[in-house]
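Note sheet for the following structure.
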Amino acid sequence: MAEPLAQTSKEARVLIYRPPPRWYFWTALGAALGIHLAAVVASQRREAPAVELPPQPPQVVEAVLAPPEATPPPEDIPIPEPPPPPEVQPEFVEERTPPPKQPQTAKFAPVKSPGPMSMSKAKALALYAPRPQYPYEARSRHVTGSGVIVATVDAGSGNVTSASVSSSTGSPILDNAATSAFRQWRFRPGTVSKVNIPITFTMTGASY
């Protein structure tokens, strides 16, 4: 009889309902609230769909310029007084001292010669005697010739005053070249009055 009673007591213990502890309830409630709050926060974080706005017309901004500042009037610059006029000296001043004596230039008497001087003597008395140039026109045509030029000399200065053709070279071009050169000659003053200058033009140049 003891064994059946023990079995019945064990079955009775099993069939009796025992409510769960309170911390089970509060734990489940807290978990549910946490899940609910997490769902609400996640829904708020979702980005709202982009809304397309109609195109806006361009805005014109008018710039208002400030009026220019008035420039101040220029300061008065003092004008310097003009210097006093210089003293005017009289145009003519009476000279108390006599003017210095001018040196007297030597006067050369004209050379008296029975005829023109020869070229050999004239060369020794010449101070400046340029040689006539052979004209290019005559050289290109192979024009040659010989002649005599008579030069007249001023006795006071020794300069040649005129040159003329006494005997032509046969070419006006050569005659003009000779007379032009001999007009530039210069002799010692008072030594020569007239001289005969023979001139010869060859392909190598002029000689006298």
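Here are some notes:
- Approximating the spin labels as points 7 Å out from Cα along Cα→Cβ, the S43-to-I77 distance works out to 8.8 nm.
- Taking the number of Cβ atoms within 10 Å of each Cβ as an exposure proxy, the fewest-first ranking of W185, W23 is W23, W185.
- Cα→Cβ-extended label distance, 7 Å offset, between Q184 and H36, nm: 13.6 nm
- Listed by Cβ neighbour count within 10 Å, with the fewest neighbours leading, I173, I35, I77, I197 appear as I77, I35, I173, I197.
- Trypsin sites (Lys or Arg not before Pro) restricted to DSSP loop in region 126-188 with at most 11 other C-beta within 10 Å: R141
Read the figures in this text as sums done on the coordinates, not as results from a lab. A quick note: this is a predicted structure, and the numbers were derived from the prediction, not measured. No Cβ is skipped: glycine too gets one built from the backbone with ideal geometry, and neighbour counts run over all protein chains shown.
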